[in-house]
Amino acid sequence: MKGKLIEKFEIQRIPTKKGTDFVKQEFIVETDGDYPQPIKFTTIKDKVMAYMDTIAVGSEVEVSFNLRGYKGQKDGRTFYINDLQAWRVFAPESSSKPLDLQNVEYTESKMDFSNEDSLPF
């Protein structure tokens, strides 16, 4: 997806039951066209977060992402969460090379929504 980076949020560190931190960064890209849409992306990749520091708000960017979905239970009710997880961000105006993490191995964390304290937000 291509658009303009309109907002970057601080990196969040969320403690888990395992004693490690779940780390993520969210950012908003506004689409082009007659009816621009603000789209929120999340990245959990350290290298993408580091690259995001080099991109200024207002820059044109191209984002490659995976659509992720989670199903959980809370108070006897089922809920669903959708997430656009960015694995590559490229700013053509930047002097940096695009960061492509599609072929980088990583461990995907399994989220357990059975307990209210384990929610990632």
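The values are calculated or read from the model by the stated rules, or taken from the named source; none is laboratory data. This is a predicted model, so every value here is computed, not measured. Quick reminder, even Gly has a Cβ in these numbers, built from the backbone with ideal geometry, and neighbours come from all protein chains shown. Areas reflect the complete protein model, heavy atoms only, side chains present, ligands, DNA and RNA absent. Shrake-Rupley method; radii C 1.70, N 1.55, O 1.52, S 1.80 Å.
Quick check on packing: order 58-66, 71-79 by the mean number of other C-beta atoms within 10 Å, highest mean leading. Don't skip to the end; give the middle numbers.
Values: 58-66: 15.2, 71-79: 9.8.
In descending order of packing, they fall as 58-66, 71-79.
Put simply, the amide H of Phe22, placed in the peptide plane, has neighbours under 5 Å in Ile14, Thr16, leaving out anything fewer than 5 places away on its chain. Computed packing ranks the peptides 80-87, 15-22 as 80-87, 15-22, most packed first, by mean other Cβ atoms within 10 Å. In terms of accessible area, using a 1.4 Å probe and ignoring ligands and nucleic acids, Ile55, Ile11, Ile44 rank largest first as Ile11, Ile44, Ile55.
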